[in-house]
Amino acid sequence: MFGLSKLFSGKSAEKEPLLDALAAYRSSAFAIGIEAQWVKEITINTDKSFKVKLELPFAGKGELAQIEEFVSNKLSTSVSIDAEVSLPNQCCFKQIKQIVLVASGKGGVGKSTTAVNLASALEQEGAKVGILDADIYGPSIPLLLGLQGAEPKTLDNKNLLPFEAHNLKAQSIGFLVPSDDATVWRGPMASGALNQLMNETDWGELDYLIVDMPPGTGDIQLTMSQKVPASGAVIITTPQDLALADAQKGIAMFNKVNIPVLGLIENMSYFLCGHCGEPNHVFGKDGAVKLAHRHGVPVLANIPLAIEIRESSEQGQVISRDNAASISATYKNAARILASSLHYQQTQNSSVEILITED
């Protein structure tokens, strides 16, 4: 953090303590503080309070309140912070800057529900986000986004327009095949359909595209991993040994195709007792933590087994958008850590260690 005062004209000496305080902030997402180039404008008010404008290179606006509190306490004065999210202008596919594969070694672990909530959380953190349902045989995105029965549209008879719900752009084979029909396709045909959905959808400008992968490590998963220019992958698992064994296979697959695993999310991690309020680890405890430590990746979140997640999903609502729900903050925290991991990976800052803190 050298030469910070040179970014600004005027009373640079008064701004240096503020810049030092911003640089000192630490969290799971902001692993090395607020960097110099992110600070775009500082205003010093007559009462010696500060107004700061940041330009974040990853989705992280949801943490501004914590940053404000930290810096205000450190300086013993009021500091208000505003921010915009602006990822570097380096696209990995068309106008999409980052592609993240959300995968699991087996079905039934809540992968699609987690993918939708993670995508929505990234959008709420200030990014432009899309979601691609790559689960050919069991597409869930139309239901989870409340888009059942929606029919595909095109403006040029070449490219499909993505559907939009909850400020997300979405595409799924479920929009092209009747919901009560079975997709009986062999691997090459299914892979071809996915390539078409990816390439022939007019996604426009996106900061992040979340790809809800099919469960398992078969032909479709391998084809997608090789043909989609993914920035990284997130593995969804549950705590029990059977799910963890399959999650291990998912990690091994991504290692073989040189896609970095950005972290694990442990779904159905625990159940909160309605009587005593204590967590009950129905499916075991700390399974994802042990697997993550083995591979040197973080656990992005521990999602509880909660009835409100199921109810929201079945109603086509996205619970991470419900600020009144405690689980919403957990999804957003996971989104920030994921986004910052992608940023530090892209800038090749290998010395950055992701610190996982309590929500």
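Looking across region 248-267 at every residue that is farther than 23 Å from Tyr208 by Cα and either out of contact with any helix residue (DSSP H, G or I) (no Cβ under 8 Å at 6 or more places or on another chain) or at pLDDT below 90 (or both), the one that is least open to solvent (accessible area, probe 1.4 Å) is identified as Ala252.
Of all residues in region 53-71, those that are touching a residue at least 24 places away in the same chain (Cβ under 8 Å) and either in contact with a helix residue (DSSP H, G or I) (Cβ under 7 Å, 6 or more places away or on another chain) or of a type in the set (Asp, Glu) (or both) total 10. Number of residues in region 230-247 that are assigned to a loop (DSSP other than H, G, I, E, B) and either surrounded by 22 or more Cβ atoms within 10 Å (Cβ to Cβ) or under 17 Å from the mean Cα position of the chain (by Cα) (or both) equals 4. In region 99-122, the residue that is surrounded by the fewest Cβ atoms within 10 Å (Cβ to Cβ) out of those that are in a loop (DSSP other than H, G, I, E, B) and in contact with a strand residue (DSSP E or B) (Cβ under 8 Å, 6 or more places away or on another chain) is Gly110. Taken as a whole, the condition of being open to solvent by 50 Å² or more (accessible area, probe 1.4 Å) and either modelled with pLDDT under 75 or among the hydrophobic types (A, V, I, L, M, F, W, C) (or both) does not apply to Ala170.
Before we move on, is Ala334 at pLDDT 95 or above, closer than 20 Å to Val109 by Cβ, assigned to a helix (DSSP H, G or I) and among the hydrophobic types (A, V, I, L, M, F, W, C)? It would help to see each step written out before you state the result.
Working: at pLDDT 95 or above: yes; closer than 20 Å to Val109 by Cβ: yes; assigned to a helix (DSSP H, G or I): yes; among the hydrophobic types (A, V, I, L, M, F, W, C): yes.
Yes, satisfied.
The values are calculated or read from the model by the stated rules, or taken from the named source; none is laboratory data. Since we're looking at a predicted model, the values are computed, not measured. Methodologically, a virtual Cβ is constructed for each residue, glycine included, from the backbone with ideal geometry; neighbour enumeration extends over all protein chains shown. Remember, those area values only see protein heavy atoms, side chains included, never the ligands or the DNA or RNA. Shrake-Rupley method; radii C 1.70, N 1.55, O 1.52, S 1.80 Å.
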